[in-house]
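The values are calculated or read from the model by the stated rules, or taken from the named source; none is laboratory data. Note that the coordinates shown come from a computational prediction; the quantities given were computed from them, not determined experimentally. We place every Cβ from the backbone using ideal geometry, glycine too, and count neighbours over all the protein chains shown.
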Amino acid sequence: AQSVTQLGSHVSVSEGALVLLRCNYSSSVPPYLFWYVQYPNQGLQLLLKYTSAATLVKGINGFEAEFKKSETSFHLTKPSAHMSDAAEYFCAVKEAGTASKLTFGTGTRLQVTL
Amino acid sequence: NAGVTQTPKFRILKIGQSMTLQCTQDMNHNYMYWYRQDPGMGLKLIYYSVGAGITDKGEVPNGYNVSRSTTEDFPLRLELAAPSQTSVYFCATKPGGAPYEQYFGPGTRLTVT
């Protein structure tokens, strides 16, 4: 079965600093990987996805993620944090099978300080 | 397009009461999913459906039931509510085949006391 581990339940960065949110996956098949963002009291919104087309994936709001098969990682980065990036971020992997179920990590809450 | 809508936004139930959480989509997506979100636990899949008339259990189905009589609607039924069902519930949809990302509704916050 596929699984996702997000290291660090809380990450705090200063405005303008690099954002790095970590995600490691376990998958028995070539993975499809996703990053979602959840702003307070809202649903989840897709940030970006990896579908094997390119290892460096660019998403919305200046975020990007790099798929590294050798490290089974899909870390999310943004060069310069903005106050509006404060949210919870979830990494997810598509499960094998026809129902396209997703397995989510436990989430990382990003705090951005002045 | 409204996308995925969920009602109600908030609800407080007493132990033992029942209720139905509504989920409606106007994107003509075949696949629909119900998740619950608890602090520090991520999202757990309760039930899912790959099309009208077809439903299946996810990771945490106990205490819940679903039906899928139309493409648009996927209600989640709670029978005999328990405090352990206090959570935020999200409905999500996906078209058949690729791409595989899911589209989420705004959620229902349920408290059982």
When you check B:Arg11 against the structure, is it more than 14 Å from chain A (Cβ to nearest Cβ), assigned to a strand (DSSP E or B), surrounded by 16 or more Cβ atoms within 10 Å (Cβ to Cβ) and not aliphatic (A, V, I, L, M), yes or no?
yes
Can you name every residue in the range A:83-114 that is farther than 26 Å from B:Tyr33 by Cβ and either touching a Gly at 6+ places or on another chain (Cβ under 8 Å) or buried (at least 20 other Cβ atoms within 10 Å of the Cβ) (or both)?
A:Asp85
When the range B:83-104 is checked residue by residue, the ones that are within 15 Å of B:Asp38 (Cβ to Cβ) and surrounded by 14 or more Cβ atoms within 10 Å (Cβ to Cβ) are B:Gln85, B:Thr86, B:Ser87, B:Val88, B:Tyr89, B:Phe90
Which of the following residues is touching a helix residue (DSSP H, G or I) at 6+ places or on another chain (Cβ under 9 Å) and over 25 Å from A:Ala96 (Cα atoms): B:Gly63, B:Gly3, B:Gly107, B:Gly16?
B:Gly63
Given the options B:Leu45, B:Leu78, name the one that is at pLDDT 95 or above, at the interface with chain A (Cβ under 8 Å from one of its Cβ atoms) and crowded, with 16+ Cβ neighbours inside 10 Å.
B:Leu45
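Specify which of the listed residues (B:Gly40, B:Gly51) is closer than 18 Å to A:Gly107 by Cβ, within 13 Å of chain A (Cβ to nearest Cβ) and among the small types (Gly, Ala, Ser). Working first, answer last.
Working: B:Gly51 fails: closer than 18 Å to A:Gly107 by Cβ.
None of the others qualify; the one that does is B:Gly40.
Which of the residues belonging to the range B:81-113 are within 11 Å of chain A (Cβ to nearest Cβ), in contact (Cβ under 8 Å) with a residue 12 or more places away in the chain and hydrophobic (A, V, I, L, M, F, W, C)?
Once the filter is applied, which keeps residues that are within 11 Å of chain A (Cβ to nearest Cβ), in contact (Cβ under 8 Å) with a residue 12 or more places away in the chain and hydrophobic (A, V, I, L, M, F, W, C), the range B:81-113 yields B:Val88, B:Phe90, B:Cys91, B:Ala92, B:Phe104.
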Quick one: is B:Asn30 under 22 Å from A:Gly97 (Cβ atoms) and within 11 Å of another protein chain (Cβ to nearest Cβ)?
yes
Residue hits (the range A:1-38; away from chain B (no Cβ under 13 Å), of a type in the set (Gly, Ala, Ser) and either under 13 Å from A:Thr106 (Cα atoms) or not in a loop (DSSP other than H, G, I, E, B) (or both)) are A:Ser12, A:Ser14, A:Ser26
Could you check B:Pro75 against (1) more than 10 Å from the chain's Cα centre (by Cα); (2) over 30 Å from A:Gln6 (Cα atoms) and say which number it fails?
(1)
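Say we look at the range A:65-114 and pick out the residues that are β-branched (Val, Ile, Thr) and out of contact with any helix residue (DSSP H, G or I) (no Cβ under 8 Å at 6 or more places or on another chain); which of these is nearest to the other protein chains (Cβ to nearest Cβ)?
As a first pass, look at the range A:65-114 and keep what is β-branched (Val, Ile, Thr): A:72, A:77, A:93, A:98, A:103, A:106, A:108, A:112-113.
Going one step further and asking which of them are out of contact with any helix residue (DSSP H, G or I) (no Cβ under 8 Å at 6 or more places or on another chain), we end up with A:72, A:77, A:93, A:98, A:103, A:106, A:108, A:113.
Numbers: A:Thr72: 18, A:Thr77: 20, A:Val93: 10, A:Thr98: 7, A:Thr103: 8, A:Thr106: 4, A:Thr108: 10, A:Thr113: 22 Å.
Of everything passing the filter in the range A:65-114, A:Thr106 is nearest to the other protein chains (Cβ to nearest Cβ).
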Can you name the condition, by its number, that A:Phe67 falls short on among (1) under 19 Å from B:Tyr103 (Cα atoms); (2) assigned to a strand (DSSP E or B)?
(1)
